[in-house]
Each structure stands twice: as C-alpha cells, then as structure tokens.
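Single-structure report; data block below.
The values are calculated or read from the model by the stated rules, or taken from the named source; none is laboratory data. Just so it is clear, the structure is predicted and the values come from calculations on it, not from any experiment. Ideal geometry is used to build each Cβ from the backbone, glycine not excepted, and the neighbour counts take in all protein chains shown.
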There are 2 protein chains.
Amino acid sequence: MLPNKTTLMQRKIMFIILDGLGDRPCKEFNGLTPLQKADLPSFDLLAAKGMIGRHYPLGPGIPPGSDTAQLSMLGYDIRTEYPGRGYFEALGWGLKVENGDVVFRANFGTVEREGKNLIVKDRRAGRISGKDAESVASAVAEMDLLNGEVKAFLRHTLEHRGILILKGLDLKPEVTDVDPHEVGYPVLEPQPLTPSPSAKKTALALKEFVLKSYKILKDLEVNIERERSGLLPANIVLPRGAASKLLIPSFKEKWGLESAAIAVGPLYRGIAKSMGMRLLEVEGATGMPNSNFRGKIEVGLSALDSGFDFVFVHIKATDVASHMKDPKLKVEILERIDGALEPILDLPEDYLLLLTGDHSTPCSLGKHSGDPVPLMISGKDIPRDDAGRFDELRCIKGGLGTVLGRDIMRLVLNYSNRALEYGLKPKPEEIPYIPRLSQLVPLSIS
Amino acid sequence: MLPNKTTLMQRKIMFIILDGLGDRPCKEFNGLTPLQKADLPSFDLLAAKGMIGRHYPLGPGIPPGSDTAQLSMLGYDIRTEYPGRGYFEALGWGLKVENGDVVFRANFGTVEREGKNLIVKDRRAGRISGKDAESVASAVAEMDLLNGEVKAFLRHTLEHRGILILKGLDLKPEVTDVDPHEVGYPVLEPQPLTPSPSAKKTALALKEFVLKSYKILKDLEVNIERERSGLLPANIVLPRGAASKLLIPSFKEKWGLESAAIAVGPLYRGIAKSMGMRLLEVEGATGMPNSNFRGKIEVGLSALDSGFDFVFVHIKATDVASHMKDPKLKVEILERIDGALEPILDLPEDYLLLLTGDHSTPCSLGKHSGDPVPLMISGKDIPRDDAGRFDELRCIKGGLGTVLGRDIMRLVLNYSNRALEYGLKPKPEEIPYIPRLSQLVPLSIS
C-alpha cells in the first residue's frame with residue numbers, strides 16, 4: 001500500500017491560453033491596447049495574487065503559428081517533435097492519418113484572376129460557413145490526381161477551414177505552401193523542399209489539386225449565388241502546413257501529469273490528442289466570439305477536482321477578433337472572459353493558474369506577430385510582484401521577466417511544487433518532474 | 001503581372017549604429033554616463049515613440065570586436081560566417097583577397113625596447129595620419145619573408161590603420177595576434193593555433209615581418225622627426241585579426257531586403273560589401289569626430305525613398321572618443337548626432353528606426369567592454385514603453401528587455417511587419433521573412 005499524501009503540497013494546474021492575446025496600440029483607443037482599454041477586474045485581481053511577465057513563444061521577434069507556439073509552451077521541442085500543422089488538424093477532427101499520407105490544413109479562399117495568376121483577395125472567403133461551406137467542400141471532396149496515382153480527400157471542419165489528405169505511394173510532406181499567407185499575393189505553385197522524387201511528386205499532385213479546385217469552384221452555383229448577394233465566393237482551396245504522422249511522447253511521459261484539454265478548433269484538439277490529453281466537451285463552446293467561456297472554466301475546475309493534475313483550456317475568440325482587425329470586439333471578448341474567470345478568483349491553495357496567450361495577434365496587423373505575449377502565474381502563497389494590472393505595458397516590469405515559450409512548463413512545475421532538482425533524471429537536458437507515487441518502484445524487502 | 005502592394009504595410013528600415021555607444025559612470029560627470037550627461041532631445045523624442053532596451057552583442061559580459069558584433073546584429077552566425085577581421089578590412093579598402101592569402105588588420109604603434117622585449121607605449125602611434133603615416137607605410141609596403149617563400153604587402157588605410165596581406169603557398173589564418181591589445185604589454189610572438197605546418201609557417205612569416213618592420217621603422221627619418229617634435233614615432237606594425245577569404249550569404253538571401261550601407265572605415269565597408277550591400281558615399285564623412293553626421297542621415301533617407309528596404313548607417317566617432325578616454329568629447333559628439341537626427345524625428349509610418357551601438361566602450365576603460373548596449377526601436381504605431389529617455393539606466397526597464405545581438409534582426413523584421421510565421425520556410429531553424437514577390441513562384445493557370 002502506497003500512501004496517498006506526501007508532506008509536499010503539489011498544486012493542480014489550470015493552464016489557460018487566450019489565443020492571440022498580445023496586441024499593439026490601437027488607433028481606435030488612442031494608442032491603448034485592447035488589454036489596456038478593457039475593464040478587467042478579474043484579470044487584475046489574479047495578477048495581484050501572483051506574478052506577471054512576458055514570453056516570446058519561439059524567440060524574440062519570431063511570429064509563431066498557434067501549433068508551434070503551443071507545442072513549445074507545453075514543453076515540446078519543435079525541431080524534433082513537430083509533425084506539421086496538417087497532422088494536428090486531422091487528428092483533432094477525428095480523421096485517421098496513416099503512415100505515408102500527407103495532410104494539409106486548407107482554407108477556402110477568394111481569388112481573382114489576373115493574366116495567368118490568381119491573386120488572393122481574401123484568405124477566408126468572407127469567413128464562409130454553414131451550408132455554403134458544405135456545398136463548396138462537397139464539390140471538391142474527392143479527386144483523382146496524377147492519373148489516379150494519388151487520391152485527394154478534402155474534409156470541411158469549421159467555417160472557412162478544412163483538411164486535405166493526399167494518399168498514394170511515395171508522398172512526402174516536403175513541399176511549400178500554396179497559400180501565400182498575404183492578401184494581394186498570387187496563389188503559389190507548391191515547390192518541393194528536397195530533391196527527393198517523393199517531394200516532387202507531392203508538389204505536382206498538390207498543384208493539380210489546387211488548379212482543379214479552382215476550375216470546379218469558380219463556376220459553382222453556390223459561389224455565383226454568393227457573389228449576387230455581395231458575398232465573397234470560395235473559389236479556391238489554399239492548402240498549407242504539409243505534415244505526416246508523427247508519434248510524440250505523451251504529456252504524462254514528459255511531465256508525469258494526468259492531463260485534460262478543453263478546446264474546440266481541430267488544431268488545438270489535435271495538439272492535445274497527440275499528447276494523450278483527455279478531451280473534455282463543453283456545451284456551447286464554439287471556438288468563436290460567442291463561445292461559452294464560463295462553461296470552459298467550470299468544466300476545467302471539475303476536471304481538476306476529479307483527479308486530473310493539469311487542464312489545458314484554449315480560448316480562440318481573442319485571436320478571431322484580432323484577425324478581423326476588430327479591437328472593439330476583442331475588448332468585448334476580453335471583458336466576457338474576465339467575467340468567466342470569477343469561479344477561479346478564490347482558488348484553493350493547491351491550485352495554480354497560468355494565463356497567457358500563445359502569441360500576439362495585433363489588431364492593427366490582423367495577423368500573428370513576433371511581439372512578446374503577456375503572461376501571468378497566480379495562486380495562493382506564490383511569490384508576488386507589484387504589477388497590479390495585467391497588460392502589455394505592466395508586463396514589461398513583472399516578476400516573471402521575459403522568458404521563452406519553452407520555459408513556461410518549467411515555471412509552472414516550479415510554482416506547483418512539482419519540479420525536481422536538475423540532474424536527478426536520466427536525461428539531464430530534459431526538465432525533471434516529481435514522479436507520481438504510482439510511477440515509482442518501491443523497494444521490496446522479503 | 002504581380003501586384004506591387006499588399007494590404008500589409010511593410011516598413012523601410014534605417015539601422016543606425018553608433019559605435020561604442022554604451023558607457024559607464026564617468027568621474028568627470030559625477031557618475032553620469034555620457035548618454036545621461038548629454039542634452040539629447042532627438043534621442044529622447046524617438047525613444048518616446050517606441051521602445052528601448054539593451055542588447056548583449058555576443059552574450060552577457062563578452063566584449064566584442066566591432067566586426068563580430070555587427071555581423072551578429074545583422075543576423076549572421078559568427079561561428080560559421082566570420083572570416084576574421086582582416087578580410088573585411090581588405091574588402092572594405094578595395095583590396096583583392098585571393099584564396100590562400102592571409103590578411104591582417106594592422107596598426108602603426110609605438111614601442112620602447114626593454115631588454116629583449118618591445119613594450120607597447122601606444123597602440124596607435126599618437127593617431128598618426130596624413131603624410132607621416134604614408135611615409136611609414138611605404139617603408140614597409142613590400143617584404144620578402146622566409147627566403148622569398150612568402151610575400152608581404154602592407155597598405156595604409158585611415159590614420160594609424162593598415163592592412164597586411166601575406167601571400168604564399170600553404171598559409172593559414174590560424175595564428176595569434178602580435179598586437180597585445182594593451183598598453184604596457186610586450187609585443188607578442190605570433191603562435192600557431194593548430195598543429196598544422198601551414199599555421200606554423202604563417203606564424204614564422206608574420207614574426208619575421210614584425211621584426212623587420214621594427215628594424216626598418218625605428219630609425220626611419222619621419223619617426224626621428226616626430227620624436228623631435230614631441231610626437232610618438234610609428235616604430236612598429238602590430239598585426240591582428242588573421243583572416244582568409246570567406247563567401248557568406250548576401251543580406252538579401254538572408255532577409256529578402258534590398259540593402260545599402262553608409263560607412264567610412266574599411267572594416268565597416270568590408271562587412272557591408274561582404275553581404276552585398278550597396279555602399280553609398282557621403283561628402284564630409286570621415287569616420288572621425290568631425291564627420292558629417294547629418295549628411296549620413298540624409299543620404300540614408302534618400303536611399304530608403306528610392307527603393308532600398310534597409311539602410312545601415314555606421315557612425316564611428318562615439319567609439320573614437322571612448323578610446324581616447326574623453327567623455328566630454330563623447331558628449332559633444334552625441335549632441336551633434338542628436339542634431340543630425342532631426343530629419344527622422346517625424347518619420348512617416350512606413351519607416352522603422354533602429355538605433356543602438358555595436359558594443360559598449362566605456363571612456364573610463366578606453367576599450368570595448370562586455371556591458372549591455374542601449375537599444376531603441378522607434379516608429380509610428382509600434383508598441384511603446386514608458387521609458388521617455390534613452391540612457392543606460394532607463395534602458396534597463398525598457399520594453400525591448402535585454403536581448404542578444406542575434407535577436408535584433410528578428411525584432412526589426414517583426415516591427416517592420418516583414419516577419420513570416422515560423423515553419424513556412426524550407427529550413428525551420430532559420431528565421432523566415434516575407435519574400436519579395438520576385439522571389440515567389442506564382443501558380444500559372446493555362
């Protein structure tokens with residue numbers, strides 16, 4: 001019989017990511033950021049009960065994708081443990097990815113033809129959704145490519161988003177993006193990234209898919225209808241983030257923590273799944289500005305109460321407002337999130353809260369930037385700084401300083417009293433944690 | 001036809017280096033640094049329109065040379081992309097360096113014989129210049145070494161500075177400096193840095209050159225004249241910074257930016273040339289305290305107005321004052337630079353200014369130190385901190401934090417809206433930038 005308690009109080013961890021949290025001064029607010037403009041009593045109270053600071057998810061000035069940022073913040077090495085975005089998306093949407101498949105994240109977009117080129121007018125086809133999106137998706141759901149050597153499957157997920165899987169012999173995820181990531185740029189021809197015949201074959205198949213999708217979609221009835229109603233047509237599929245299946249160590253193997261995740265978007269669900277986190281469902285959670293933030297916090301709390309050590313709560317709405325270049329919406333969302341945090345304002349002493357973003361998405365840019373991201377660790381009896389308020393300016397001088405994304409799990413383990421002295425684990429380059437009793441092998445005396 | 005504009009405003013970058021900018025408290029100013037003592041309304045206004053911070057060019061406490069510092073700050077890896085100082089100096093002075101040559105930066109110095117040693121009294125022979133320097137240089141311009149196996153060529157550049165090229169079979173830049181870098185120390189015998197016969201041969205040739213140069217220069221008429229007039233004789237050549245030819249990726253390959261450089265000293269011109277930057281000339285620019293600072297800023301601005309994305313402006317005078325241990329001169333120079341910055345006080349929103357030093361040269365030391373260097377990024381609508389003033393003390397708490405030299409280009413790309421999301425370029429370990437349209441392959445539809 002092993003004891004259930006040690007003398008050391010190990011805290012349970014709530015790890016909240018507000019996607020795209022960090023921002024820049026907004027003209028609409030006379031130079032204030034959304035965090036500065038919003039009225040956020042809960043954020044401020046939590047900040048007062050802990051320390052604030054900033055993190056560069058990947059490094060100073062490097063704009064991360066949500067996937068590489070979150071992977072890094074959860075303690076994974078993106079150089080060796082990153083399969084590519086498409087794999088997470090597929091996993092998160094419940095699609096089966098087999099060895100040899102090449103998977104892409106894909107957007108429905110709007111292009112206009114100029115000579116021989118297709119110029120991107122909108123990377124999200126006016127955030128097409130519902131039946132329109134389904135009609136578009138079903139028109140390009142399956143395709144034979146390279147004379148039948150490769151098969152393409154496109155699955156619609158949320159709004160303008162989808163997943164493209166290429167199946168066939170000798171395919172490799174070593175190709176550039178078709179999506180130029182910028183409005184006003186031409187749709188790009190995918191290029192092989194290595195000299196291997198597989199990379200070349202994959203690039204050719206992908207090119208054929210994109211050209212065919214344009215041919216089919218440009219005259220599709222639903223698009224003609226949309227244009228008539230003044231909506232942007234979804235006349236192209238823009239794949240990016242080539243990936244293949246990759247098994248990475250589970251979160252429990254890495255950190256010894258029983259973990260659960262609350263997220264809606266396929267990407268975030270896929271990240272959690274790839275780490276073996278238990279996915280929890282929340283009624284009314286949509287991944288959009290109307291999501292049920294309070295429900296997420298409550299489900300997270302119950303998970304911690306019922307045996308999980310770590311719960312990852314992902315809230316997408318902040319990033320959506322930023323991509324829409326709508327700082328007022330971002331402020332509204334922040335204030336609603338602030339209200340949703342009430343149940344954790346008076347956390348018991350065996351809980352630790354981490355609250356941050358996965359990257360900055362300045363409303364003035366409408367896309368991810370390499371700016372630092374506000375960061376907060378809060379809980380009873382942890383060290384405090386004198387910051388008082390949680391915004392980009394105050395975070396400069398906070399007690400957590402400016403760290404890297406990959407430092408965050410170490411800080412979390414430290415303040416949850418779960419970190420083991422360096423050098424006490426087999427691989428010293430890894431970050432040691434205190435093993436659960438169930439993971440230990442007690443000495444047997446006969 | 002590709003579009004010229006995207007919706008995203010990409011800023012043009014003015015990158016100003018004030019050599020040796022950082023300093024320590026000066027007795028002459030009751031413990032203030034030159035930046036604190038000087039009246040610098042332009043610096044302060046620019047700081048108020050952006051963020052300040054500090055950088056360690058190579059790492060905390062490491063005193064860099066100007067070459068390694070600037071290379072690092074421009075995003076090059078000094079472990080693999082640094083040919084040695086001599087190569088840059090030669091390139092910058094328009095000398096041809098061939099494969100197999102070994103090139104040194106060389107100073108004319110003043111030594112006194114003590115027993116068998118030559119003790120350095122001045123590493124710059126009283127900053128000898130003009131006709132005196134030319135006479136000294138021509139006396140040691142060419143030499144046969146190692147019984148004619150090696151030929152030495154010395155070219156005078158600016159003031160006390162020159163370039164030494166050794167030509168011959170089997171030479172390698174793997175030798176220590178002859179210049180001890182400290183007054184009061186003996187001139188050093190060059191030592192091979194590797195056991196290779198080439199390193200040994202190079203060391204022997206270099207030793208012979210230095211001994212011969214002393215023999216020739218100690219009795220040279222111009223030196224006897226100088227001593228008579230109370231000036232320091234240039235009775236030795238002190239080579240350092242052994243180098244060989246090395247091709248490094250161009251600045252455009254690295255960052256996708258069309259770049260120009262404004263610099264006078266051969267070292268700085270050589271660095272710019274090695275990166276394929278276009279060198280621009282400025283009337284009255286001397287690399288000395290009397291230089292035409294305003295002209296440099298104006299030529300830089302026109303370059304940005306006429307199609308360059310990035311202009312590197314190097315100002316040497318601050319470092320000269322520090323090496324002369326003259327904080328009052330440094331203050332005067334800073335105030336003159338401050339006046340020269342007027343044309344950029346009201347930069348249009350599509351410009352970004354980076355202003356910093358390549359290293360600290362405290363006047364109290366008279367040489368480079370490993371202290372952090374004040375750093376500023378300024379421009380319309382970029383995030384601001386509440387620093388207000390630009391000096392060593394305020395920079396501690398600035399919003400840019402304390403970064404490394406190699407982070408600077410990423411920050412510059414980020415705040416000029418040119419950074420691309422991580423993972424979108426072939427080699428994920430490299431920092432991606434937004435490619436110019438001319439570098440992309442648009443998809444062609446038939």
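Taken over the range B:380-398, the criterion of being closer than 21 Å to residue B:33 by Cα, touching a residue at least 40 places away in the same chain (Cβ under 8 Å) and within 8 Å of another protein chain (Cβ to nearest Cβ) is satisfied by B:398 alone. Candidates in the range A:76-112 are the residues that are surrounded by fewer than 24 Cβ atoms within 10 Å (Cβ to Cβ) and acidic (Asp, Glu); of these, the one that is farthest from the chain's Cα centre (by Cα) is A:112. The number of residues in the range A:204-217 that are crowded, with 22+ Cβ neighbours inside 10 Å and more than 7 Å from chain B (Cβ to nearest Cβ) comes to 5. Within the range A:13-50, work out how many residues are surrounded by 24 or more Cβ atoms within 10 Å (Cβ to Cβ) and in contact with an Asp or Glu (Cβ under 6 Å, 6 or more places away or on another chain). Residues that pass the stated criteria total 8. Taking residue A:265, is it surrounded by 18 or more Cβ atoms within 10 Å (Cβ to Cβ) and of a type in the set (Gly, Ala, Ser)? It is true that residue A:265 is surrounded by 18 or more Cβ atoms within 10 Å (Cβ to Cβ) and of a type in the set (Gly, Ala, Ser). Any chance the range B:369-379 includes a residue that's outside any loop (DSSP other than H, G, I, E, B), modelled with pLDDT under 90 and closer than 26 Å to residue A:398 by Cβ? The answer is no; no qualifying residue exists. Taking the range A:401-418 as the range and being outside any strand (DSSP E or B) and either among the small types (Gly, Ala, Ser) or within 14 Å of chain B (Cβ to nearest Cβ) (or both) as the test, the residues that pass are A:405, A:406, A:407, A:416. Remark: pairs (first residue in the range A:137-157, farther than 15 Å from residue A:106 by Cβ; second residue modelled with pLDDT of 95 or more and surrounded by fewer than 21 Cβ atoms within 10 Å (Cβ to Cβ); Cβ separation under 6 Å; 6+ apart in sequence or on different chains) = A:149/A:168; A:150/A:168; A:151/A:167. Filtering the range B:168-201 down to residues that are acidic (Asp, Glu) and touching a Leu at 6+ places or on another chain (Cβ under 8 Å), which residue is nearest to residue B:236 (Cα to Cα)? The residue in question is B:179.
Restricting the range B:383-424 to residues that are under 21 Å from residue A:393 (Cα atoms) and modelled with pLDDT under 90 leaves a set whose member that is surrounded by the fewest Cβ atoms within 10 Å (Cβ to Cβ) is B:388. How many of the residues making up the range B:109-132 are touching a Ser or Thr at 6+ places or on another chain (Cβ under 9 Å) and assigned to a helix (DSSP H, G or I)? Count: 2.
When residues in the range B:284-325 are screened for being outside any helix (DSSP H, G or I) and hydroxyl-bearing (Ser, Thr, Tyr), 3 of them pass. Can you tell me how many residues in the range A:203-235 are over 19 Å from residue B:443 (Cβ atoms) and under 26 Å from the mean Cα position of the chain (by Cα)? The number of residues fulfilling the criteria is 0.
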